[in-house]
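Everything below concerns the one structure shown next.
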Amino acid sequence: NYSDKDIDLAIDKAADAYDLVKSHKEINAITIFDKDYPAKLNNLGNKKPPIIYVKGDKKVLSKPFIAVIGTRNPTQYAKNVGEQLVKKTLTITDDVIVSGLALGCDAIAHDVTLKTGRITCAVLPSGFNKIVPKQHIKLAEEIVSSRGCLITEYLPNSEATKYTYIERDSIVAALSFAVIVIQCDVESGTMHTVDAAKSMKKNIGCYIPSEKEQNGFEGNYYIVKEKQGLPLREVDDIKKLMESCTVFQNQEQMKFDW
């Protein structure tokens, strides 16, 4: 039970938070009561954020998303594979590439998409004024200036914590109709996104290297074996992943000559 004093304090804090966001004209605050709140976040059930903050083109949220994720420390081989996977994905779909703005595989997803002239979206574990890692502040600005957007459920001055990273990963999964894993370990943050995607019955594609390059890909093998991930043994297997997705099949505007 809350006292009248507690309720008044909560109202005051909410008003302060609202004023803070309104002072940043470049930030859009979207509540669950707004028509442009992404229906895809309903995948989170009762855990969906009541408010999301968007910097950039909020209309991007209505488009289909594909997540590309993985370790913060990919091998050079994985970096090369990741670039090819993203490029191939962009040749067969008009969808938005979404990731978490982290080092490594997330950066590959965003960078390659931007260099291809396509739209990417980053989900943050912090507020817009506390972007992590700091060396990706410029990347975040480029995403916004290139018709993409940044999304967070946190107020501008909120710091990232272990908990907010996990929540960020769940939002990435909820927004996407498919998840592509470049490289990861069995015990890694990538598994948060994979587990969330699996619980939502999303399609998960996972790169499986040749035997000589298998070091560092233990998590990839684990996802395929234990979480029914679709093995991507070569770049062209991306097409199989896309074709297995109902959302992709229903996009009548897409006409490809295979």
### Query
What aspartates and glutamates could a cross-link reach from K48, if we take a straight Cα to Cα line under 19 Å and drop same-chain neighbours fewer than 8 places away?
D34, D36, E153, E167, D169, D195
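Where Lys and Arg each count +1 and Asp and Glu each count -1, what net charge lies around G100 among other residues with Cβ under 12 Å from its Cβ? Intermediate results must be reported in sequence, preceding the final value.
Working: positive: R72, R168; negative: D106, E167, D169.
Net charge in that neighbourhood comes out at -1.
Based on the Kirkwood radius over alpha-carbon pairs, what is the Stokes-Einstein translational diffusion coefficient of the chain at 4 °C with 1.567 mPa s viscosity, in µm²/s? Kindly include the intermediate steps, with their values, before the conclusion.
Values: Rh = 18.8 Å.
It comes out at roughly 69 µm²/s.
Students often check this: by mean Cβ neighbours within 10 Å, which of 105-116, 139-150, 123-134 ranks highest, and how do the rest follow? Don't skip to the answer; put the middle values down first.
Values: 105-116: 22.3, 139-150: 18.0, 123-134: 19.5.
Listed from highest to lowest mean packing, they are 105-116, 123-134, 139-150.
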### Eligible aspartates and glutamates near K115 by straight Cα distance, threshold 18 Å, same-chain separation 8 or greater
E83, D94, D95, D106, E141, E142
### Task
Using only alpha carbon positions, build the gyration tensor of region 126-252, then give the equivalent ellipsoid semi-axes as the square roots of 5 times its eigenvalues, largest first, whole angstrom.
28, 19, 15
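When ranked by the protection proxy of mean other Cβ atoms within 10 Å per residue, highest first, what sequence do the peptides 61-73, 166-178 form?
Values: 61-73: 22.6, 166-178: 24.2.
Highest-to-lowest ranking by the protection proxy: 166-178, 61-73.
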### Task
Could you please state how large a percent of the accessible area of the chain is carbon and sulfur, counting protein chains only and using a 1.4 Å probe?
49 percent
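How much accessible area per residue does the chain have, counting only protein heavy atoms and a probe of 1.4 Å, in square angstrom? Walk me through the numbers before you get to the answer.
On the way: 13460 Å² over 258 residues.
Value for the chain: 52 Å² per residue.
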### Query
For the chain, what does -39500 (n - 2.57) per DSSP helix run (n ≥ 4), summed and divided by total residues, give at 222 nm, in deg cm²/dmol to the nearest 500?
-11500 deg cm²/dmol
#### Entry: Proximal lysines to K5, defined as alpha-carbon separation beneath 25 angstrom and excluding residues fewer than eight positions away on the same chain
K13
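The values are calculated or read from the model by the stated rules, or taken from the named source; none is laboratory data. Just so it is clear, the structure is predicted and the values come from calculations on it, not from any experiment. For neighbour counting, all protein chains shown are included, and Cβ atoms are generated from backbone atoms with ideal geometry for every residue, glycine included. The area values use the complete protein model at the heavy-atom level, side chains included, leaving out ligands, DNA and RNA. Shrake-Rupley method; radii C 1.70, N 1.55, O 1.52, S 1.80 Å.
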